[in-house]
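Structure record follows, encoded as structure tokens.
Read-outs: derived from the displayed coordinates by stated rules, not from any lab. The model shown is predicted, which means the values in this text are computed figures rather than measured ones. All Cβ positions, glycine included, derive from the backbone under ideal geometry; neighbour counts span all protein chains shown.
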Amino acid sequence: MKKLFLTLTAVTALTLASQAQTEKGKFIVGGQVGFETSKTKDSDNKAHSFSINPTVGYFVSDNWAVGTGIGYNWSKNEAPSDRTIKQDAFQVSPFVRNYIGDGQFKFFSQLSVPMAWGKETEEIGSVETEAKFERYGVELAPGFAFFPTSKVGIELKVRGLYFDSYKDKSADLTTNKFGLDANSLAPTLGVQFHF
């Protein structure tokens, strides 16, 4: 009986603590750091990339947060015949997020406006060309959050509905993409800190 009482008390405390995580006046902090490298066997093809994109948000009312992510992305691809393509970009992504539900488990939806400005450099032998680019988009991403403690939220989300416009400023060429990416086999897993 004593164990049952302690278990129920712990579950109730966790549930009450997690309900306070998305209330007005709280902050949410998280982000993304990535690194990838690849090399094709028996060839000179190599690729490297690095990104860092911290995010911060503020709950303007219960279950409604606004915030932004600010970051940097870099990549380099090397191919045979001395061809190298480098890309680096500064990125900003303001967002609005809404949590639905009570307790330790909540669904959420996030509307974000990712934007990036950068340059792409292509080197073939001793000839180098540089092109500046801009990227603007809109994404509506659904997700699910589990709050194991009063300050940590573990999230699982998919990209969802998106629009992306990429403009090569040097060639005056714009590429637009629109899609729905709800692949449940390739979600992103993240951790957000609430305080």
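Here the Karplus relation 6.51 cos²θ - 1.76 cosθ + 1.60, evaluated at θ = phi - 60°, turns the backbone of the range 117-133 into coupling constants of 9, x, 9, 10, 10, 10, 10, 10, x, 9, 9, 10, 10, 10, 10, 8, 9 Hz, with x for every Gly and Pro.
The mean sequence separation of alpha-carbon pairs under 8 Å and at least six residues apart, normalised by the residue count of the range 19-141, gives a relative contact order of 19 percent.
For percent of Cα pairs over 24 Å apart, pick the label among [x] 43; [y] 53; [z] 35 that corresponds to the value derived from the coordinates. From the options [x] 43; [y] 53; [z] 35, the structure gives [y].
Of the residues Q32, I124, Y99, the one whose Cα sits farthest toward the positive end of the charge dipole of the chain, with +1 on the Cβ of Lys and Arg and -1 on the Cβ of Asp and Glu, is Y99. For K169, the lysines whose Cα comes closer than 19 Å to its Cα, not counting residues fewer than 8 places off in the same chain, are K86, K119, K132, K177. Along the range 50-55 the Karplus relation, 6.51 cos²θ - 1.76 cosθ + 1.60 evaluated at θ = phi - 60°, assigns HN-Hα couplings of 8, 8, 9, 9, x, 10 Hz to successive residues, with x for each Gly and Pro. Considering all C-alpha pairs of the range 52-136, those separated by over 15 Å amount to 67%. Its Cα centre serving as origin, the chain has a Cβ charge dipole (Lys and Arg +1, Asp and Glu -1) of approximately 960 debye.
Using the Karplus relation 6.51 cos²θ - 1.76 cosθ + 1.60 with θ = phi - 60°, the per-residue 3J(HN,Hα) values for the range 28-34 come to 10, 10, x, x, 9, 10, x Hz, with x marking Gly and Pro.
Summarising the amide proton neighbourhood of K169: residues at separation of 5 or more, or on other chains, whose placed amide H is nearer than 5 Å comprise K132, F133, E134.
Within a straight-line Cα-Cα reach of under 20 Å, K157 can be paired with the following aspartates and glutamates, leaving aside sequence neighbours fewer than 8 residues apart in one chain: D102, E139, D181. Note on K46 and V96: the model spin-label points, each 7 Å out from Cα along the C-beta direction, lie 4.6 nm apart.
Between the C-alpha center of the range 119-187 and that of the range 70-109 there is a gap of 6 Å. Taking amide H as placed 1.01 Å from N in the peptide plane, the amide H of G103 sits under 5 Å from that of Q19, each at least 5 places away or on another chain.
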